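Reading through the structure tokens given below for one structure.
The values are calculated or read from the model by the stated rules, or taken from the named source; none is laboratory data. A quick note: this is a predicted structure, and the numbers were derived from the prediction, not measured. In this analysis, Cβ positions are derived from the backbone assuming ideal geometry, glycine residues included, and neighbour counts consider all displayed protein chains.
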Amino acid sequence: MSLHRYVAGRLAQSLFLILLVISLGFFVMRLAPGDPVLYLYGAQNVSAETLDAMRRQWGLDRPLWQQYTAYVGNLLQGNLGYSQLNQQPVARMLARIIPNTLLLMIPSLVLATTIGVLLGILAARRLNSWGDYLVGAVSMVGYSTPPFWLGIVFIVVFASGLRWLPTQGMSTLGSSAQGLARALDVATHMVLPLGVLVWWYLAAFARLTRASMLEESRKPYLMTARMKGLSEAHVIFRHAFRNASRPILTILGLHLGTMFAGTVMTEVVFAWPGMGRLTFNAIIQHDYPVVLGVFVVTGVAVVMANLLIDLLYVLLDPRIRYG
Amino acid sequence: MAERPAPRAGTLARLHTRLQPLADFWRVFRRNRAALLAVYALVAIVLGTPAVVFLLAVEPEAISTDVLARPSRSHPMGTDYLGRDILGRVLHGVNTSLLVGTGVALIGVSIGIGLGSVAGYYGGWVDHLVMRAADALLIVPTFFLILSIAFIFGGRLVFVVLLLGVTTWPQIARIVRAEVLALREEAFVLSARALGVGDAKVMFREILPNTLPPVIAMVALLASSGILTEASLSFLGVGDPNIVSLGQMLTSGLEYATSAWWVPACPGGAIFLLVLLLNLLGDGLNVALNPRLRTLA
């Protein structure tokens with residue numbers, strides 16, 4: 001398969017998946033039992049004329065396919081709908097809050113990848129040693145720990161038992177600190193949620209890396225590399241790990257949705273003002289557009305991330321370029 | 001694994017040949033002490049919890065004036081803000097989780113085997129369609145999709161289990177398809193077809209039994225991810241309000257994390273334990289059933 005066909009195929013697939021996510025969002029909303037306008041305004045005691053006006057404004061009096069094209073058109077312009085309960089466009093609510101989620105997600109991903117990959121390599125190097133068993137046990141427990149439960153354990157142990165760290169929110173309530181003091185305040189609030197996420201992600205990376213490195217360790221090119229007299233570090237990192245990283249990244253891409261979900265859970269436990277809190281509150285308040293907005297945004301983000309991973313590999317792996 | 005030629009001797013010898021793979025499997029599996037422990041613990045939980053709940057008629061909603069009591073002899077896990085015995089509620093919650101795990105695994109495995117074998121056996125556009133659908137389900141974050149659907153249509157337990165089941169088949173389908181593709185050209189399949197055996201019979205009698213080992217290893221993992229996802233959904237508030245669920249207990253206990261730790265910690269610990277045991281079992285099965293991993297064990 002030529003490079004162009006591969007890239008074109010992946011682009012087409014991603015486009016299709018984005019369209020699928022959008023369509024699912026639309027149909028879930030439209031197939032919901034009852035009248036969407038009543039969901040939005042029913043509690044507010046409005047007259048029948050106003051409701052009709054709202055139906056016209058939302059295009060609900062038009063045929064389904066026109067509603068669908070209007071919906072897709074709105075999304076393409078970044079319009080995710082309007083949250084009547086919060087009197088704000090959903091896109092604005094998400095845009096304000098997504099940076100907070102990324103503030104947790106990105107550092108924990110970086111930390112967990114680094115530590116997890118190193119542990120996985122170590123375990124695969126010393127197969128069936130006590131180190132291997134320890135890494136296996138840690139990643140098995142980590143993988144099985146629901147993030148929301150670990151969060152509660154952390155709160156009980158570190159925050160209320162030892163009183164070391166704050167457990168709720170992103171900054172001290174009522175604090176007007178600026179600059180460095182504020183950064184420090186946010187950083188102390190980050191420690192526990194970050195710990196939960198690192199512990200949880202790390203397990204997945206260690207397991208994946210171990211399996212992937214084991215797979216590589218049996219291939220003859222490693223023996224060639226060693227026979228050439230290359231240093232062990234060179235053999236492991238430049239040869240084996242480079243080849244092992246592809247399945248790791250691919251499966252990481254497939255795990256991204258679960259990782260988003262884990263972050264959402266962790267945010268709820270620590271009252272972190274991110275997408276998790278937003279989703280949780282929207283569910284309590286029955287704020288439909290927000291919940292669907294979260295699905296559409298995470299869906300598109302995960303599809304794009306998977307596309308990026310695959311395209312990255314076109315650059316990194318000559319076997320795809322010339323294959 | 002290709003079928004061994006059956007020796008001519010009587011039924012006993014035939015039975016022996018039939019059981020040989022099982023004996024091989026057990027020899028490898030029981031060396032994994034963690035997985036063995038998980039099997040014993042899971043058997044105890046699966047048989048014990050429903051027995052205790054139904055034979056002793058544990059009433060999860062019975063309130064008392066003994067509010068937020070510490071764990072004691074009469075309430076081994078303490079009581080919650082309504083004075084309900086947490087142990088009794090956890091047992092009910094574990095029951096729910098076991099149902100969820102079983103249901104999700106059964107639905108996921110059935111769809112996965114069905115679609116995977118059809119895709120592998122017939123190939124062509126059927127294969128293409130099934131595999132593209134599997135890719136789509138693997139990439140699109142189904143957690144948020146199920147969350148939205150359960151939120152809008154109401155999170156009745158049966159409905160949630162169904163949603164989880166119909167979104168977890170892709171891994172199974174991929175495994176089964178790969179096995180079927182490999183087996184399709186094996187001598188014993190070709191000879192069955194040469195003898196004029198029909199498609200359905202070749203599939204069910206010759207091919208499918210041989211795809212089962214890797215699928216069995218996946219069952220425990222499907223159940224554990226089903227339990228975890230259901231707990232997460234009910235934790236976020238889209239669970240079944242009429243059923244005691246560990247996730248819901250966790251959310252309602254969240255505000256007592258600093259004042260009465262046992263309220264959220266006990267249901268959370270139960271989820272952790274169930275998921276851990278199932279993952280250990282899955283891991284052990286995988287090593288014992290996957291010939292490539294077996295040589296490393």
Out of all the residues in the stretch B:257-266, is one or more under 29 Å from residue A:291 (Cβ atoms), in contact (Cβ under 8 Å) with a residue 60 or more places away in the chain and within 10 Å of chain A (Cβ to nearest Cβ)? yes
State all residues of the stretch A:277-299 that are over 11 Å from the mean Cα position of the chain (by Cα), more than 8 Å from chain B (Cβ to nearest Cβ) and part of a helix (DSSP H, G or I); if no residue qualifies, say none. A:277, A:278, A:281, A:282, A:285, A:289, A:290, A:293, A:296
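Condition check: crowded, with 20+ Cβ neighbours inside 10 Å and either within 11 Å of another protein chain (Cβ to nearest Cβ) or out of contact with any strand residue (DSSP E or B) (no Cβ under 9 Å at 6 or more places or on another chain) (or both). Does residue B:212 satisfy that?
Working: crowded, with 20+ Cβ neighbours inside 10 Å: no; either within 11 Å of another protein chain (Cβ to nearest Cβ) or out of contact with any strand residue (DSSP E or B) (no Cβ under 9 Å at 6 or more places or on another chain) (or both): yes.
The answer is no for residue B:212.
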Filter the stretch A:247-276 down to residues that are in a helix (DSSP H, G or I) and either facing chain B (nearest Cβ under 8 Å) or among the aromatic types (Phe, Trp, Tyr) (or both), then give me how many there are. 12
Inside the stretch B:214-244, the number of residues satisfying the requirement of being within 17 Å of the chain's Cα centre (by Cα) and farther than 15 Å from residue A:264 by Cα is 14
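For (1) of a type in the set (Val, Ile, Thr); (2) within 24 Å of residue A:17 (Cβ to Cβ); (3) modelled with pLDDT under 85, each residue gets a yes or a no:
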residue: A:256; (1), (2), (3): no, yes, no
residue: A:260; (1), (2), (3): no, yes, no
residue: A:274; (1), (2), (3): no, no, no
residue: A:291; (1), (2), (3): yes, yes, no
residue: A:294; (1), (2), (3): yes, yes, no
residue: A:315; (1), (2), (3): no, yes, yes
Are any residues in the stretch A:197-226 away from chain B (no Cβ under 12 Å), within 22 Å of the chain's Cα centre (by Cα) and over 21 Å from residue A:126 (Cβ atoms), and if so, which ones? A:197, A:198, A:199, A:201
Could you figure out which of (1) within 14 Å of chain A (Cβ to nearest Cβ); (2) charged (D, E, K, R); (3) surrounded by fewer than 16 Cβ atoms within 10 Å (Cβ to Cβ); (4) touching a residue at least 40 places away in the same chain (Cβ under 8 Å) isn't true of residue B:186? (1)
So, residue A:139, is that one crowded, with 20+ Cβ neighbours inside 10 Å, modelled with pLDDT of 85 or more and over 22 Å from residue B:262 (Cβ atoms) or not? yes
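Among the residues of the stretch B:226-256, count how many are part of a helix (DSSP H, G or I) and either surrounded by fewer than 21 Cβ atoms within 10 Å (Cβ to Cβ) or more than 7 Å from chain A (Cβ to nearest Cβ) (or both). Spell out how you get there, then give the answer.
From the stretch B:226-256, those part of a helix (DSSP H, G or I) are B:226-235, B:246-256; that's our starting set.
Next, only the ones that are either surrounded by fewer than 21 Cβ atoms within 10 Å (Cβ to Cβ) or more than 7 Å from chain A (Cβ to nearest Cβ) (or both) stay: B:226-227, B:229-230, B:233-234, B:246-249, B:251-256.
Of the residues in that region, 16 qualify.
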Of all residues in the stretch A:100-144, which are closer than 12 Å to residue A:200 by Cα, within 14 Å of chain B (Cβ to nearest Cβ) and out of contact with any Ser or Thr (no Cβ under 6 Å at 6 or more places or on another chain)? A:138, A:139, A:140, A:141, A:142, A:143, A:144
Of all residues in the stretch A:39-68 being exposed (fewer than 13 other Cβ atoms within 10 Å of the Cβ) and within 33 Å of the chain's Cα centre (by Cα), which is modelled with the lowest pLDDT? A:64
Of the residues that sit in the stretch B:150-160 and are surrounded by fewer than 22 Cβ atoms within 10 Å (Cβ to Cβ) and not charged (D, E, K, R), which one is nearest to the other protein chains (Cβ to nearest Cβ)? B:152
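Have a look at B:121, B:81 and point out the one that is more than 14 Å from chain A (Cβ to nearest Cβ), aromatic (Phe, Trp, Tyr) and under 26 Å from residue B:237 (Cβ atoms). I'd like the intermediate steps shown before the answer.
Details: B:121 fails: under 26 Å from residue B:237 (Cβ atoms).
None of the others qualify; the one that does is B:81.
With respect to residue B:270, determine if the residue is surrounded by fewer than 19 Cβ atoms within 10 Å (Cβ to Cβ), of a type in the set (Gly, Ala, Ser) and assigned to a helix (DSSP H, G or I).
Against the criterion (surrounded by fewer than 19 Cβ atoms within 10 Å (Cβ to Cβ), of a type in the set (Gly, Ala, Ser) and assigned to a helix (DSSP H, G or I)), residue B:270 does not qualify.
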